[in-house]
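Novice: Okay, handing you the structure first.
The values are calculated or read from the model by the stated rules, or taken from the named source; none is laboratory data. Since we're looking at a predicted model, the values are computed, not measured. Here the Cβ positions follow ideal geometry from the backbone for every residue, glycine too, while neighbour counts run over all protein chains shown. For accessibility, only protein heavy atoms count, side chains too; no ligands or nucleic acids. Shrake-Rupley method; radii C 1.70, N 1.55, O 1.52, S 1.80 Å.
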Amino acid sequence: MRSDVREAGHSGARRRGEGQEGPIRRLQGLEQRRRTPHAEVRMHRKEEEGSPVAVSWTEGEERAREAIERWRAAPGSACLLHGPPGAGKTALCTRLIAEAGERTGVCVAAVQVGRASRFVSEQEILASLLEQLGDDVLHPPRDVLKLRSDLQNRLANGQDEDEPEVLIVLDGLDECVDWPRDAGVSTLRVLGERVRCVVSVAGGDADAHAWTERLGWKDCDVRLIEVAPPSPAAAEARAIPSWAAAGGNAGPEALAAEVERDLRLLEQGAVALEVLSVLARALAPLDPEDVAELLEIDDVAALGLMRAYVPSLGRLLRWDEPMGAVRFHHEALRGAWEQRSAGRDEAEAVEARYRGAIARCTAEPSRCRATYFRRHASAHLALGGAPVTSMLAFAEPGWVEAVSAEALAGALLDLRRLRDRIGEEVERCRSLPASLAAALVRCAAAQGAAATLGDAEPWASPDADLVTPRLDADAARALSLLALAAEVSLSDRAGVLERAFVIADRMGARWSSPSALIAVAEAADGERRTQYARAALEAARRSDGEDAVRGLVAAAGLLPEEEALGVAAEAIARAGGAPPALVPGPGVSEASAVALERASRSLPALQRIRVLARLLSGLPAEARARAVQDIERLWVPWCFENKEEAEAVAPYLSEPLLERALEEVPIWPVHALGARLVSVGREDEARALVLRWAGSIAGYRADALLRLGEGLPPGRRPMEEVRAVFEELAPEERCRLIKEHPSASVALLGEEAALRIADGCVEPSGSYVRIGALARLAGALPEPMRAEAARRAVLAFGAGGHDADALGELCAAAPWMSPADAARLLSTSLLDDSGISSLAGVFQGWASVAQLAGVFRRAGGEEAVLAVAEEVAFAGRWLHGVEC
């Protein structure tokens, strides 16, 4: 890490009393949506000096500028300015931006962070940067996780040679109230070749090093430049406030103490002290109506109060006349006053005023006049560690209003803060009590609803389609209730299922998904079962492609026998008799298999035999025996087109057919034939077959040996052969085999070896298989080792960046996770890991309630599952105004 400039002065182009206002022009708020590829900046300079070149700098500032120029000319993408408040960091940033803006081939994106500029949250900062880089961050509105991902990709990939260089400037980043401390999620961690970044923070060397780590920057890639304050003489000569000079008359704290002493001597000084404390607690400049809301007085009284007292507090405050907002001259002065009043009775009184104003605003959002509290209420509560229950108002339809893209962006920010508070409570509890489980699902439902509304943009078009999202969400809610029902006792299961049936009764006939109706039908009995099956049948007939055929096949198994036969014939006709379309994989119900077997008798022999092969495992014993006889009768060489069909038939081969299959090994999986040979007492032949046909490829040989060995009794398994071939494999291939054959791996490799090999695949490309292998081992290892395998799977999931594809695998290990790990997984994954956010996605799909149902049970027991089920039913209020 390089460090330059141990002393830098202060710009002389400042007027007394205004010297601490940031010279970067206040970037417009998100609601104004400026879109420009360059950051427009303005230097505060002496009136007679019209060019940045003419700005007067102290000798120290010249040294700082020279250090910045050396950084710009040398390799290295990151620069961090640091120094005490008022030292001149903003002036240096402004100069850098102004010069870069005058150069062609440079795209500047800059944000002055802080309460005065109204940029205090990470989401607002990232949105502004992306906007300045040309992205449209409001169509649709984005949550901070999406903003992070988008900006990370933009900055890490850099620019092409024919595109302008990007310069990112974040002045005063330490004033952001929620910038993440985890370097792993830093948007600035990786910077492309044509991307450079300057960040300024207040503080000394220790603070600079801490921020370097926080931003994820490597020591060799960042240059630290310390900006020291001007000397007292230089400060006096340039009209810089004395508290900002070296020595600084004890700094801003001394000025705050002096002002307090003066005010306490005044007859109405207590009122002025309260006004100062109210302003110091604010996260942005306060308008008169904001002050009126806080003090519970009318606007006229608030304006009179400010006119009476703000002018006398000019050493600390400035007021944008006429009737504008009030703020502190400098963040250091605000911080000094807030620190001075902390712990006193007046501080608690101010906190109570903020809590009261926020409670009034959230209770009746439509009547909230003060825009300040619409924008900052959640930040106040989150920063104050407010109870989760007091923040649930942000997850109400009255707060998440689809009146504009800006409003939804603000709602997403509020919901993220609620989500973070829930995460903090999860860490404290190390489990997921029912109340937190309900709060988590309620918040996720609001997030999904906001995303759905943002996609539809109902404020922009009266014809916006919200019917389809509502129907999809209803189907997803019903499916999630089915999954939750499987996690509770029989005594409670009927109640959870009834909630799903109520949803299906109301809207199921209009669902577009046959599979959702099939799932509900399979859980129902009697007339309801038939009713849902017929609705699924109609949905399948309306569908296209594979969903149609699968829906018809599944519906056939839920209808009366004669009706089922007709539907099965319809499915065969729709699929053109193609076996893979009719039975794409295992899982066909017994009733569907029987109907298809009967309906397929009219198919040509080759199609018939292949359909039968796919149905064998689903048929009842008597029907299966007849099907095997038909296969023997219709058999012709090479009649099966893929290994899946051959493997399905292998367990039922008679001795004559087994001999014929051994002649067609290229299409017949050797492990399946080997298993059949073992089952008829020909173990030596099975071993020889596997070693002969799989001998050329180590991975294939290992796969076949594992499958063969699992079916052999202990003492006769090919353990040495398996261990030897594993030595030939790459770590990722070994891990994949353990994932596919967890029980066999434990049996042939040994418990410790299997766990060690699975956890040893640390290459990024092997993250998915590592998580899957560890999760599946949790169910295959002896009981004392299962919790350890689950723990390692959870750690691998976190290290792998929460891969949505791996989450389904990880959920299989839920019964052996610790409650703390399960609760943490829920708080960080529900909806957030789905990749695409929507109301339906909260309940069904990747990272949904349905997928995580078992994790809810592990994290909080049946009480949590029942609380979640109640919230799922309650979530029907979203989009409730849509007429279907």
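Novice: Distance in nm between label sites at Leu383 and Val680, each 7 Å beyond Cα in the beta-carbon direction?
Specialist: Output for this residue pair reads 7.8 nm.
Novice: Pull up all non-local amide H partners of Asp178: gap of 5 or more, or a different chain, and H-to-H distance under 5 Å with H placed in the peptide plane.
Specialist: HN-HN under 5 Å from Asp178: Glu122.
Novice: Please state, to two decimals, what the Cα-based radius of gyration of the chain comes to when divided by 2.2 N^0.38 Å (N = residues).
Specialist: Here the answer is 1.17, to two decimals.
Novice: Follow-up. Could you work out how far apart the two model spin labels at Asp298 and Arg70 are, taking each label as a point 7 Å from the Cα in the direction of the beta carbon, and quote it in nm?
Specialist: Result for the modelled spin labels: 6.5 nm.
Novice: By how many nm would the segment from Asp525 to Ala270 grow when fully extended, if each residue of separation counts as 0.36 nm and the alpha-carbon distance is taken off?
Specialist: Roughly 84.5 nm would be gained on extension.
Novice: Full extension from Asp207 to Ile836: what is 0.36 nm times the residue separation minus their Cα-Cα distance, to one decimal in nm?
Specialist: 222.7 nm
Novice: If you don't mind, another one. Round to the nearest 0.05 the FRET efficiency obtained for Val665 and Glu546 when R0 = 30 Å and r is the Cβ-Cβ distance.
Specialist: Taking R0 as 30 Å, the efficiency between Val665 and Glu546 is 0.45.
Novice: Here is a follow-up. Apply 1/(1 + (r/R0)^6) to the Cβ-Cβ distance of Glu102 and Ala254, taking R0 = 41 Å, and write down the FRET efficiency to the nearest 0.05.
Specialist: Taking R0 as 41 Å, the efficiency between Glu102 and Ala254 is 0.55.
Novice: Still on this structure, please answer the following. Scan region 248-288 for GluC sites (Glu not before Pro) in coil per DSSP, keeping those whose Cβ has at most 13 other Cβ atoms within 10 Å, and list them by number.
Specialist: Glu267
Novice: Taking the Cα centroid of region 668-691 and of region 715-744, what is the distance between the two, rounded to the nearest whole Å?
Specialist: 18 Å
Novice: Can you give the FRET efficiency to the nearest 0.05 for Glu427 and Ser743, using r as the Cβ-Cβ distance and R₀ = 35 Å?
Specialist: So, using R0 = 35 Å, E works out to roughly 0.50.
Novice: Can you pull the percent of the chain's accessible area that's carbon plus sulfur, 1.4 Å probe, other chains left in place?
Specialist: Within the chain, the accessible surface is 51 percent carbon and sulfur.
Novice: Tell me, rounded to the nearest percent, the portion of alpha carbon pairs in region 235-378 spaced more than 21 Å apart.
Specialist: 44 percent
Novice: Please compute the modelled spin-label separation between His139 and Arg716, points set 7 Å along Cα→Cβ, answer in nm with one decimal.
Specialist: In this crude spin-label approximation the distance works out to 7.1 nm.
Novice: Another question, if that's okay. Calculate the radius of gyration of the Cα atoms of region 548-590 to one decimal place, then report Dmax, the largest Cα-Cα distance, as a whole number, both in Å.
Specialist: Cα-based Rg and Dmax for region 548-590 come out at 9.5, 25 Å.
Novice: Per residue of region 626-639, in order, report the coupling 6.51 cos²θ - 1.76 cosθ + 1.60 (Karplus, θ = phi - 60°) as ³J(HN,Hα) in whole Hz, putting x for Gly and Pro.
Specialist: Computed from phi, the couplings for region 626-639 are 5, 5, 4, 4, 5, 4, 4, 5, 8, 4, 9, x, 6, 7 Hz.
Novice: Which whole-number value in Å² is the accessible area per residue of region 488-570, probe 1.4 Å?
Specialist: That works out to 47 Å² per residue.
Novice: Can I ask one more? Within region 209-278, list the trypsin sites (Lys or Arg not before Pro) lying in a DSSP loop whose Cβ has at most 14 other Cβ atoms in a 10 Å radius.
Specialist: Filter output for region 209-278: Lys218.
Novice: Which distance in Å, rounded to a whole number, links the C-alpha centroids of region 291-306 and region 761-820?
Specialist: 57 Å
Novice: Okay, next question. Could you give me the ³J(HN,Hα) list for region 141-152, computed from phi with Karplus coefficients 6.51, -1.76, 1.60 and θ = phi - 60°, whole Hz, x at Gly and Pro?
Specialist: x, 10, 6, 4, 5, 5, 4, 4, 4, 5, 6, 4
Novice: Which far-off residues, 5 or more places away or on another chain, put their amide H under 5 Å from the one on Ala110, with H placed in the peptide plane?
Specialist: Excluding prolines and chain starts, which carry no amide H, the hits are Ala39, Val169.
Novice: With +1 assigned to the C-beta of every Lys and Arg and -1 to the C-beta of every Asp and Glu, and no other charges, what is the dipole magnitude of the chain about the Cα centre in debye, to the nearest 20?
Specialist: So the magnitude is around 300 debye.
Novice: What Kirkwood hydrodynamic radius do you get for region 424-528 when you take the inverse of the mean 1/r over all pairs of distinct Cα atoms, in Å?
Specialist: 15.8 Å
Novice: What's the extension gain from Glu351 to Val636 if we count 0.36 nm per residue and subtract their Cα-Cα distance?
Specialist: Fully extending the segment from Glu351 to Val636 adds 94.2 nm.
Novice: What list of ³J(HN,Hα) couplings, whole Hz, do you get for region 583-592 from phi and the Karplus terms 6.51, -1.76, 1.60, once you set θ to phi - 60° and write x for glycine and proline?
Specialist: The phi angles translate into 10, x, x, x, x, 6, 5, 4, 5, 5 Hz.
Novice: In addition: Report, by chain and number, residues whose modeled amide H sits under 5 Å from the one on Leu286, excluding near sequence neighbours (fewer than 5 apart, same chain).
Specialist: Counting only residues 5 or more places away or on other chains, the set is Val326.
Novice: I'd like the distance between the alpha-carbon centres of region 109-185 and region 308-371, rounded to an integer number of Å.
Specialist: Result: 27 Å between the Cα centres.
Novice: Can you tell me the 0 to 90 degree angle between the C-alpha axis of helix 331-341 and the longest principal axis of the chain, rounded to 10?
Specialist: With both axes taken from Cα atoms, the answer is about 90 degrees.
Novice: Could you tell me what percent of the DSSP beta bridges with both partners in the chain are antiparallel, to the nearest 5?
Specialist: 20 percent
Novice: Within 10 Å of each candidate Cβ there may be at most 12 other Cβ atoms; applying that plus a DSSP loop requirement, which chymotrypsin sites (Phe, Trp or Tyr not before Pro) in region 538-641 survive?
Specialist: Hits after loop and neighbour filter: Trp638.
Novice: Which Rg and Dmax, in Å, describe the Cα atoms of region 580-695?
Specialist: Here Rg and the maximum Cα pair distance are 14.1, 42 Å.
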